[in-house]
Amino acid sequence: MIAVTQQQQLQIKTLSGGYSLSGRVKVPGDKSISHRALMLGAIASGETTIEGLLLGEDPRSTANCFRALGAEISELNTELVRVRGIGVNQLQEPADVLNAGNSGTTIRLMLGLLAGQSGRFFSVTGDNSLRSRPMSRVVQPLRQMGAQIWGRQDGALAPLAIRGQKLQPIRYNSPIASAQVKSCILLAGLTAEGKTTVTEPALSRDHSERMLKAFGAEVSTDLENKSVTITGPAQLHAQKVIVPGDISSAAFWLVAAISVPDSELVIENVGVNPTRTGILDALAMMGADIQLQNERVVAGEPVADLRARSSQLVGCTISGDIIPRLIDEIPILAVAALFAKGTTVIRDAQELRVKESDRLAVMASQLQRLGARITELPDGLEIVGGAPIVGTDVDSHDDHRVAMSLAIAALNAKGITTIHRAQCAAISYPDFIATLQQVCT
Ligand code: S3P
């Protein structure tokens, strides 16, 4: 038997085992695509419509920032959001500081757009977590394009102030595989005259490239050299965007189904863009029984239903080019490794230290509290599967993916697990707890 309750904290009570998970789950819209649809809609000419938008806190931050910059964005809902755009270089000077909340994608992509708004002044900030995350990774290349940006530690940390300038195109060799860095520079390249190219050490998610092309920009990808080029100046034209379900949210149910005995879950309408499916490849390496059904392409993005069943998992090593393809799924992958036979090693994942929390440190400390044999490495985690997991008090450190990963770990814990600060799940998955209650009954 299992009981999921939420008052101040999320409490998961497992009694005597013998329960299983079953049913069909609809995950919310993809977070990365939701941000981009709002932003490109805001700078396109005409009315963009968005179906399936994620109603999480992060896209709300994007919508509020772009409203303050002059775009008309209707009330957010999952059915149909209307965005009346104002043009690529027509963003208005807002009357107040733009607040990106907890969202790295909002602040970094928006900086790329603000930098080229000649003659206008902007200031941007975020919550405690975002104000401690590195901004030099975008500020540096933007300055190479001629951007004027000021901030704490020479622009390394928000709050930041931007005076819009006419930008020059660049060829930028990014030291990190980051879609936020790549997208920021491509968006800045929209107003620069000529070709702006970004090369990355491994391919990161390509939603910006796909959507910029759909909105009419000239974008070319050189897969062999891992580079993308945009030609500016560009005008964008409103589109109809249909947002698929978020594979990063689906990952929690995949791991729930494969780790709880006698379970089967079907997760419907999940985006399976190859730059995002590293989690499917990693779980397949671990022996997970996950099948893709109904594969189709919706509005330029591949989509499928995923059927996951209880599996005997084995440990494996996950490192190298797959890491950017599953960067947000590493916390839940660490949970899957708890229930695998043998050792799982995750390396080359030092980027996790600068996410919403230091996810390597936080996942290691919180899973240890539950009894896991997990060691923090400088750039990853080592997990010896099979240690008995026992419920206790754990803390999300206000990181949405940590909160949800701990909840899935708790499904296989003996006794009561109390997850403190679990309400942050609403950053990317407002219905997570309701869905957890649904699949557990
Ligand atoms: C995102 C890119 C990734 C990811 C984040 C969303 C995006 O960040 O972790 O959740 O929408 O571009 P990095 O680009 O910093 O790796």
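The values are calculated or read from the model by the stated rules, or taken from the named source; none is laboratory data. Everything numeric in this text was worked out from a predicted model, so none of it was measured. Cβ: placed from backbone, ideal geometry, glycine included. Neighbour counts: every protein chain shown. These area figures cover heavy atoms from the full protein model, side chains too; ligands, DNA and RNA do not enter into them. Shrake-Rupley method; radii C 1.70, N 1.55, O 1.52, S 1.80 Å.
Structure summary
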read-out	value
Residue list for the range 157-213, restricted to those being in a loop (DSSP other than H, G, I, E, B) and within 15 Å of the ligand (Cβ to nearest atom)	S174, P175, I176, A177, S178, E200, P201, A202, L203, S204, R205, D206
Which listed residue, of I346, I383, I408, is open to solvent by less than 10 Å² (accessible area, probe 1.4 Å) and free of Cβ contacts under 8 Å to residues at least 40 places away in the same chain	I346
Index of the failed condition, R307 passing every other in (1) basic (K, R); (2) within 14 Å of the ligand (Cβ to nearest atom); (3) over 25 Å from K226 (Cβ atoms)	(2)
Residue that is modelled with pLDDT of 95 or more and open to solvent by 20 Å² or more (accessible area, probe 1.4 Å), where the choices are A192, A177	A177
Residue that is under 21 Å from R205 (Cβ atoms) and not hydroxyl-bearing (S, T, Y), where the choices are A256, A334, A288	A334
Residues satisfying the stated conditions in the range 102-124, i.e. crowded, with 18+ Cβ neighbours inside 10 Å and under 13 Å from G151 (Cα atoms)	L111, F122, V124
Test: A403 is under 20 Å from C316 (Cβ atoms), modelled with pLDDT of 95 or more and buried (at least 23 other Cβ atoms within 10 Å of the Cβ)	no
Conditions (1) open to solvent by less than 10 Å² (accessible area, probe 1.4 Å); (2) part of a loop (DSSP other than H, G, I, E, B); (3) free of Cβ contacts under 8 Å to residues at least 60 places away in the same chain; number of the one not met by Y429	(3)
Strands (runs of 3 or more DSSP E) completely within the range 225-343 that count 3 or more residues being polar (S, T, N, Q)	227-232, 289-298
Selection status of G245, more than 16 Å from the ligand (Cβ to nearest atom) and open to solvent by less than 60 Å² (accessible area, probe 1.4 Å)	no
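To keep it simple, each residue is scored yes or no on (1) away from the ligand (no atom under 11 Å from the Cβ); (2) more than 15 Å from the chain's Cα centre (by Cα); (3) under 21 Å from H400 (Cβ atoms); (4) of a type outside the set (S, T, Y).
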{"residue": "I323", "(1), (2), (3), (4)": "no, no, yes, yes"}
{"residue": "L326", "(1), (2), (3), (4)": "no, no, yes, yes"}
{"residue": "A340", "(1), (2), (3), (4)": "yes, yes, no, yes"}
{"residue": "E351", "(1), (2), (3), (4)": "no, no, yes, yes"}
{"residue": "S357", "(1), (2), (3), (4)": "yes, no, yes, no"}
{"residue": "Q366", "(1), (2), (3), (4)": "yes, yes, yes, yes"}
